[in-house]
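Novice: Sharing a structure, written as C-alpha cells. Questions coming.
Computed from the coordinates by the stated procedures, all read-outs in this text should not be read as laboratory data. The structure presented is a predicted model; accordingly, all values stated were derived computationally and were not measured. Cβ sites come from the backbone with ideal geometry, for glycine too, and all protein chains shown count toward neighbours.
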Amino acid sequence: MVSLLTLPVLPKTDIPNATDRILQPRPDLLQSVVSILGVRFPHLTREEIMALINIPTDHLRHTRFAQDWIEEGRQEGEALGEAKLALRQLNLVCGPLSEASTARIKALPLEQLEALTEALLDFSSPADLTRWLAEHNG
C-alpha cells in the first residue's frame with residue numbers, strides 16, 4: 001500500500017486524512033501506522049499519536065502487537081521480581097554478593113531464576129552459588 005509509505009514525509013496536518021484512507025479499507029494496518037508515526041514523531045506519546053489519527057487509545061490495546069507487548073512487559077516484571085527475591089535470599093545465605101555475581105543473577109532468564117530460588121534453599125556457602133552459576137552458565 002503506497003499511501004502507507006507516504007506517512008514519513010507528509011505534512012503533519014495531512015496525516016489524519018491519510019491514515020483514514022489507509023485504515024478504512026485495511027484496519028489491520030493500524031499497528032504499522034502507529035509504528036511509522038512513532039518513529040517519525042518520537043517526542044509524541046502513543047496516546048498523542050492515536051489522537052493525531054483520530055483513533056481511541058483503547059482500540060490499540062486489542063491488537064496483537066499490544067497484547068504481545070503487554071505480555072513481554074509482564075514477563076520482564078516477573079523476572080525482575082524473581083531476581084530481587086533471589087538476591088535477598090542469597091544475601092542471607094551467602095552474605096553480601098559481589099557486583100559481578102549480582103549482575104550475573106539479574107541477567108538470568110526467568111526459568112533459571114526460578115530454579116535458582118529453589119536451589120538456594122540447599123546452599124550453605126558462597127561456593128554453592130558459584131558452583132550453581134557455573135553449572136547453569138549464569
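Novice: In the calculated pair distance distribution of the chain, what percentage of Cα-Cα distances lie above 26 Å?
Specialist: Beyond 26 Å sits 49 percent of the P(r) for the chain.
Novice: How high is the relative contact order of the chain, given as a whole-number percent (alpha carbon pairs under 8 Å, six or more residues apart)?
Specialist: The value is 17 percent.
Novice: About the Cα centre of the chain, what is the dipole size in debye to 20, counting +1 per Lys and Arg Cβ and -1 per Asp and Glu Cβ, all else neutral?
Specialist: That gives a dipole near 520 debye.
Novice: I'd like the orientation of helix 30-40 relative to the chain: the angle between its Cα long axis and the longest Cα principal axis, in ° from 0 to 90, rounded to 10.
Specialist: 80 degrees
Novice: Taking the Cα centre of the stretch 2-62 as the origin, how large is its charge dipole in debye, to the nearest 20, when only Lys and Arg (+1) and Asp and Glu (-1) carry charge on their Cβ atoms?
Specialist: 120 debye
Novice: Taking a virtual spin label 7 Å from the Cα of Ile70 along the C-beta vector, which residues in the stretch 1-42 bring their backbone nitrogen under 20 Å of it?
Specialist: Answer for this model: 28-35.
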